[in-house]
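Visitor: Below: one structure in C-alpha cells.
The values are calculated or read from the model by the stated rules, or taken from the named source; none is laboratory data. Given the structure is predicted, the values throughout are model-derived calculations rather than measurements. Virtual Cβ from ideal backbone geometry, glycine too; neighbours counted across all protein chains shown. These accessible areas exclude ligands, DNA and RNA; they are computed on the full protein's heavy atoms, side chains included. Shrake-Rupley method; radii C 1.70, N 1.55, O 1.52, S 1.80 Å.
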Amino acid sequence: MIRKAKGMEKSKSMLYTIPDYYHEFTCVAGKCEDTCCAGWQIVADEAALEKYKNETGAFAKRLKESVNWEEGTFKQDKDRRCAFLNQSNLCDMYTALGEESLCRTCKLYPRHIEEFEDVREVTLSVSCPEVARILMNKKEPVHFLTYETDEEEDYEDFDPFLYSKLLDARDVMIEILQDREKKLNLRAALILAIARDLQECIDEEDIFSMDDVFDYYQAEEGVREVKNALAEVDYYTYSRKMFQNQYQMEHLRADWESYLQEAEKLLYRNVNEKIDKKRYIEMIQEFHTWMAKEMPEYEIQYEQLLVYFISTYFCGAVYDGEAFAKAQMAVVSTLLIHELLMAQWMKQEKVLDINDVIDTVYCYSRELEHSDSNLNLIQELLQESNE
C-alpha cells in the first residue's frame, strides 16, 4: 500500500524510516492461515499491465483472461479470491513467471509507504497475519530506524513547517504511549488531548503555539487535567457508538457483518440501557482482571497497536489538516480491537490466547486498511462526532 504525494519539485535524496522489527518479516506463503490475495481488489500498476499484455509464453492466455483491463485489476472468483490464487494459497503467476512478474501491489505487500517530500516511511501492515504475530509478540517498545539514499523523487509542494511540527508531535505522542509507568488509558487520553489542541492550532493557523501544547501535556498540570477528564468518560456509550460506526463501512469479507453483530450482542445487548450499562461495566472489569492475570502483556500489545496507527497515519495530516481525526482513529481502532477481543473472550467461555489476539488484529486491520473508502469514512465519522 502506498500513499504518495504527486509532484511539482524534486528531492535529491530520500530518507527512509522503518520500524525496528521490519527485517523480522518473511512471507510464509502457503503456510499462512489466511491469504492476502482474497477479500480485496488488487490494482495492478501500468508497467505491470503493459508487461502482461506483451506476454507471449504458455501463461499468456491465462494472464489475458484473468485481468480486468478496463479497471486495471485482477479478476476474482465468487469467493473474492484472486484469479491467480490456487487452492494451496500460492500464486500461479509467481510460479509460472517468477517474482518479477508481480505487480507493484503484490511485490510491496505487506509494506505500507507514506511519502512526505524527501522522506519515505515504510511500515509493515498488521493486516498480514505474520506481521500481526511479530508485533503482538514484541515486548520491547518499538523504535524507528532511518537511512538515506541518493535518488530523485517528485513530491507535492506542502507546508514544511507544519510537517516538522507534526513530526515533533508524533515523537511526543510515541514517547507518551511508551511510558509504561502511566496507565494505558491515560496515555491514550493524553495523545488525544494533544491532538485536539494541535487541531485548534491548525484551524487557527497558529502553528507556532504547538510547542506550548507539547509542553503542557508533558507537565504535571496537563496530566492532571486529563486524569480528571477520564473520570467523566462514559465508556459504555462511547464504545457502543464507535462500534456501530463499523456497520457504515465497506465490508471486505462476507462474514464480517455477522461477526460484528454477534460481538455487539455479546457486548452491549439491546434490552434495557441502564441494565446493559451496569452489566458492561462489570464485564469489562472482570475482563481486565482476567487479562492482567492470564495475559499480562495485553497492555503492551495495545501500546504497540497505538504506536503502529500513530506512526503510520498521523503525519498524513500535513495533506488534509486533520490531525485530531487521525489520532482518534488510532485510539478508536485499538478500542475496537479491545471490544472484539472481549466479545471473543465471552464467546469462548472467558478464555483467550495469543492466536485470538493475532486473528482479531489482522482481521480488523484488513477491513479498515485495505479500503481507502473505509479509511476516509472513519475519519469523517470521527470528525462528525467532534462537532
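Visitor: Just checking: which of the helices (runs of 4 or more DSSP H) contained wholly in segment 203-289 hold 2 or more residues that are within 25 Å of the chain's Cα centre (by Cα) and surrounded by fewer than 14 Cβ atoms within 10 Å (Cβ to Cβ)?
Guide: Where helices (runs of 4 or more DSSP H) fall fully within segment 203-289 and carry at least 2 residues being within 25 Å of the chain's Cα centre (by Cα) and surrounded by fewer than 14 Cβ atoms within 10 Å (Cβ to Cβ), they are 235-244, 256-267.
Visitor: Regarding Gly7, is this residue over 30 Å from Gln304 (Cβ atoms), at pLDDT below 90 and not hydrophobic (A, V, I, L, M, F, W, C)?
Guide: So Gly7 passes the test.
Visitor: Sort through Glu387, Glu282, Glu369, Glu380 and tell me the only one that's modelled with pLDDT under 95 and in contact with a His (Cβ under 9 Å, 6 or more places away or on another chain).
Guide: It is Glu369.
Visitor: Right, another one. Considering only segment 64-86, how many residues are out of contact with any helix residue (DSSP H, G or I) (no Cβ under 7 Å at 6 or more places or on another chain) and open to solvent by less than 50 Å² (accessible area, probe 1.4 Å)?
Guide: Total satisfying the criteria: 6.
Visitor: Could you say which residue among Glu339, Glu303 is open to solvent by less than 10 Å² (accessible area, probe 1.4 Å), touching a helix residue (DSSP H, G or I) at 6+ places or on another chain (Cβ under 7 Å), under 17 Å from Asn245 (Cβ atoms) and charged (D, E, K, R)?
Guide: It is Glu339.
Visitor: How about segment 93-115: which of its residues are in contact with a helix residue (DSSP H, G or I) (Cβ under 8 Å, 6 or more places away or on another chain) and open to solvent by less than 40 Å² (accessible area, probe 1.4 Å)?
Guide: Met93, Ser101, Leu102, Cys103, Pro110, His112, Glu114
Visitor: Tell me, which residue of segment 53-62 that is free of Cβ contacts under 8 Å to residues at least 24 places away in the same chain and assigned to a helix (DSSP H, G or I) is surrounded by the fewest Cβ atoms within 10 Å (Cβ to Cβ)?
Guide: Lys61
Visitor: Let me ask something additional. Can you give me the number of residues within segment 23-52 that are in contact (Cβ under 8 Å) with a residue 60 or more places away in the chain, surrounded by 17 or more Cβ atoms within 10 Å (Cβ to Cβ) and either among the small types (Gly, Ala, Ser) or in a helix (DSSP H, G or I) (or both)?
Guide: Of the residues in that region, 2 qualify.
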